Amino acid sequence: MNHNSKLRLAAFCAMLLASGTGCDVLTQDPPTALTQEDAFANADRISKSAIGMYNGLQNAEFLGGRALIYSDIRSDDTNPAGFFGNVSTFNQQANDGIATNAWTGGYNSLYAVNYFLQQIAKNPGKTTPALEAQYIGEAKFIRALVYFHLVNLFAQPYNFTADASHAGVPLQLTAPDASTAFDASQNLSRATVRQVYTQIEQDLNDAIIALPETYGTAYDRTARATKDAARTLLSRVYLYKGQYAEAATMANTVITGARHSLSATPAVPFTAATFSNPESIFSVAMNLSDNPNTNNAIGQHYGRLRRADISVTPYARIDSTQFRSKDRRRTLLLDPSTFPASATTNIFTLKYNNGSADNVPIARYSEVLLNRAEGLAQTDAGISAEAITLLNTVRRRSLPTIPAYPNYTAASFANKQALIDAILFERRLELAFEGHRYYDLMRYKRNSSRINYGEQKAIFPIPNVDIQQNPNLVQNPGY
């Protein structure tokens with residue numbers, strides 16, 4: 001039995017545990033007795049296999065927490081994080097272990113999805129047509145999400161070339177078995193960034209058709225993919241491509257659907273008791289049982305009382321005329337929250353204050369509002385009034401209602417670019433440490449505090465071990 005087969009069996013056992021049916025070694029059939037046919041034999045087992053895709057999404061080296069971290073520790077909002085080696089100092093080499101683990105983690109998550117899609121296609125009619133379509137939609141959403149992070153980690157931004165024809169990542173859309181895994185046909189070359197984004201869009205559009213608008217339980221509404229989760233990610237993809245009108249339209253579909261709203265404070269989406277809330281559209285759900293481990297959990301890396309590998313002092317030191325001293329993102333989500341931060345004090349975020357049980361935020365309603373605001377600001381010939389309203393909606397939630405903090409008006413902005421810059425700054429404040437900041441800088445061709453846009457080491461190296469094993473893979477320049 002090959003390694004991937006063992007992983008699938010382990011995931012299946014974990015699904016049984018999660019579902020309450022158990023995985024008692026005294027009564028369970030031996031692993032060798034569980035065939036591929038067994039896992040998709042009936043509606044109940046197909047349902048468990050669908051849940052297993054989310055288990056794969058929790059990969060310890062990828063969207064179990066670290067994929068977001070690898071964006072943020074390269075931005076201007078954190079101090080260099082020594083635990084992550086050369087990542088935050090942009091001094092990685094082709095044999096860098098962190099890059100290798102991220103690459104492997106992403107493709108392991110993809111394997112689980114591709115395997116599910118293959119097996120459900122081989123077993124039609126064993127669940128209802130509606131559920132079969134939903135499960136396929138969930139798989140495609142997960143695949144799009146993983147590819148979005150892979151292509152942004154290992155390839156230059158979409159607009160790096162005029163037609164996005166620069167090298168992206170291999171598009172692996174099948175799950176080879178033991179008999180085909182080493183075929184020459186599996187030595188995939190790197191698709192262009194344009195091709196990767198086309199696949200992401202196709203998967204998300206398919207997912208929007210197939211996914212439910214919501215689920216029956218609060219937990220599922222944030223831990224499983226919905227139409228709004230796919231719409232939010234697609235609006236983000238359009239922003240990254242510079243398709244601003246499409247980004248605004250897609251975000252508006254979420255807004256007018258009225259299934260989501262901002263929470264009372266910016267801390268609610270990051271509080272364990274309220275992880276399942278109307279602001280959180282989709283998160284990678286974690287708990288003490290299925291968390292990767294204490295070294296990988298996003299809450300362990302950011303938590304001041306835990307590993308405390310990542311301090312966010314540069315973010316905390318943003319001038320108080322911009323990041324107000326009474327802004328609730330400062331008073332509720334920074335520790336210590338006082339301004340100004342002293343030169344010797346390290347500041348930590350409280351977005352991840354639950355250790356190994358922190359959910360990994362992927363899509364929140366505040367992002368949707370800002371996505372539409374940015375799309376409108378970019379496409380309006382003048383200064384978009386609706387964009388200002390959306391910007392104020394996000395901003396006001398975090399500012400006390402006192403005269404010192406008036407709303408923005410059209411008169412607040414000298415020109416269209418000033419409004420766009422204000423929206424990008426609000427993204428910086430609102431979406432901090434959720435994997436956005438570095439990519440927002442890069443897609444606008446702006447420099448991080450530690451590297452300039454377009455430099456060769458602004459992206460991860462393709463793992464050297466994969467280059468050696470696959471003659472069709474081409475390394476990123478500079479490595």
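Read-outs throughout are calculated quantities, based only on the coordinates presented, and are distinct from any laboratory measurement. Just so you know, these numbers come straight off a predicted model, no measurement behind them. Backbone-built Cβ (ideal geometry, glycine too); neighbour counts: all protein chains shown.
Taking the Cα centre as origin and putting +1 on Lys and Arg beta-carbons and -1 on Asp and Glu beta-carbons, what dipole magnitude results for the stretch 322-479, to the nearest 20 debye?
Working: 20 positive and 14 negative charges, 82 e Å.
Computed charge dipole of the stretch 322-479: roughly 400 debye.
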Quick one: helix 227-241 against the long Cα principal axis of the chain, what's the angle to the nearest 10°, folded into 0 to 90? 60
Starting from the amide H of residue 348, placed 1.01 Å from N in the peptide plane, find each other amide H under 5 Å away whose residue is 5 or more places distant or on another chain. 312, 335
Helix 365-379 against the longest principal axis of the chain: what's the angle in degrees, Cα atoms only, rounded to the nearest 10? 70
To the nearest 20 Debye, how big is the dipole of the chain about its Cα centre, given +1 on the beta carbon of each Lys and Arg and -1 on that of each Asp and Glu? 1060
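Taking 0.36 nm per intervening residue step and subtracting the Cα-Cα distance, what contour gain separates residue 104 from residue 79 on full extension?
On the way: separation 25, 0.36 × 25 = 9.00 nm, distance 2.65 nm.
The span from residue 104 to residue 79 would gain 6.4 nm if fully extended.
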Residue 186/residue 36 FRET efficiency (R0 22 Å; Cβ-Cβ; nearest 0.05): 0.70
Label-point separation, residue 258 to residue 274 (7 Å along Cα→Cβ), nm: 2.2
What nm distance separates the two modelled labels at residue 131 and residue 163, each placed 7 Å from Cα along Cα→Cβ? 4.7
The ³J(HN,Hα) series, computed from each phi in the stretch 58-66 with the Karplus coefficients 6.51, -1.76 and 1.60 at θ = phi - 60°, rounded to the nearest Hz and given as x for glycine or proline, is 7, 2, 4, 9, 10, 7, x, x, 6
Would you mind checking the stretch 404-442 for residues with the amide N under 19 Å from a putative spin-label position 7 Å along Cα→C-beta of residue 389? 407-413, 419-420, 423
Quick note, the stretch 176-253: a/c under 1.5 would make it rounded; otherwise a/b > b/c is prolate and the rest oblate (a ≥ b ≥ c, C-alpha gyration tensor); here it is oblate
Net charge dipole size for the stretch 244-382 [Lys, Arg +1 and Asp, Glu -1 on Cβ; Debye, nearest 20]: 420
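So what is the relative contact order of the chain, in percent, for Cα pairs below 8 Å that sit 6 or more residues apart? Walk me through the intermediate numbers first.
Values: 809 pairs, mean separation 95.4, N = 479.
Computed over the chain, the figure is 20 percent.
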If amide H atoms are modeled at 1.01 Å from N in the peptide plane, then the residues at a separation of 5 or more from residue 435, or on another chain, having amide H under 5 Å from its own are 72
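Working out 0.36 nm times the residue gap between residue 219 and residue 307, then minus their Cα-Cα distance, what length gain in nm do you get to one decimal?
Details: separation 88, 0.36 × 88 = 31.68 nm, distance 2.77 nm.
Computed gain between residue 219 and residue 307 is 28.9 nm.
Name the longest site-free stretch of the chain, where the excluded sites are GluC sites (Glu not before Pro) in a DSSP loop with no more than 16 other beta-carbon atoms within 10 Å.
Working: sites that count: 213, 455.
With GluC sites (Glu not before Pro) excluded where exposed in loops, the chain gives 214-454 as its longest stretch.
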Which of 315, 384, 415 sits closest to the plus end of the dipole of the chain, meaning its Cα is farthest towards the positive end, when Lys and Arg get +1 and Asp and Glu get -1 on the C-beta? 415
Mind pulling the angle between the C-alpha long axis of helix 416-430 and the longest principal axis of the chain? Nearest 10 degrees, somewhere in 0 to 90. 60
With all distinct Cα pairs included, what does the Kirkwood hydrodynamic radius of the stretch 427-467 come out to in Å, to one decimal, could you say? 11.7
Post the alpha-carbon centroid distance, the stretch 198-249 to the stretch 420-479, in whole angstrom. 23
Rough spin-label spacing in nm, given labels placed 7 Å along Cα→Cβ, for residue 466 and residue 265: 4.2
Summing -39500 (n - 2.57) over the DSSP H runs of n ≥ 4 in the chain and dividing by its residue number, what mean residue ellipticity at 222 nm do you reach, to the nearest 500 deg cm²/dmol? -14000 deg cm²/dmol
Note down the relative contact order for the stretch 113-217 as a percent, whole number, built from C-alpha pairs under 8 angstrom at least six residues apart. 38
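Just subtract the alpha-carbon distance of residue 325 and residue 455 from 0.36 nm times their residue separation and send over the number in nm, one decimal.
Numbers: separation 130, 0.36 × 130 = 46.80 nm, distance 3.50 nm.
Value of the extension gain: 43.3 nm.
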